[in-house]
Amino acid sequence: IFKINSIQNLRYYQKSEQRGRLHIMGNVFINFTNHPSKFWKDSQKAEALKHGRIVDVEFPAVDPEGNRDYIIRLAEENVKRILEFHPSVVLCQGEFCLAYHVITRLKEKGIPIVAACSERMVREEGDVKEVIFEFRQFREY
């Protein structure tokens, strides 16, 4: 893997073993959540695209009966999946214990991790309560 500095961030090039060519990797915003980016509002997509193309990596279902060793194994598996994309930024939100271990491991590798920050707006009419979350920014951990 070759690392080349660019103005905005680090780009990664990886030599393809099969074809012997260089493929651009990196400049990728990983969405590691249960909320596919195709359902994001334009403002959230635009903010993510400042960091590179958006790639959804689904946050897995976590067995509530799983112990700490199970969570650590799951974290290591998912960090490996995420690192395959050489991300410039990772949005990580999901089950707290797994998210903690994934965030810790990615930060140890120098990868910026963010959370989506939204304004919660509630409208109540009689017995009906409508909650809308309006994206505001990505905040780095």
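Every number in this text was worked out from the coordinates using simple rules, so none of it is lab data. None of the values given here were measured: they were computed from a predicted structure.
Taking each of K41/K107; K109/K129; K50/K109 in turn, the alpha-carbon distance tops 31 angstrom for K109/K129. The string of couplings for region 89-99 from the Karplus curve (6.51, -1.76, 1.60, θ = phi - 60°) is 8, 10, 8, 10, 8, x, 3, 4, 5, 5, 4 Hz, one whole number per residue in order, with x for Gly and Pro. Summarising the amide proton neighbourhood of Q137: residues at separation of 5 or more, or on other chains, whose placed amide H is nearer than 5 Å comprise C117.
What the Cα atoms of region 48-141 give is an Rg and a Dmax of 16.0, 51 Å.
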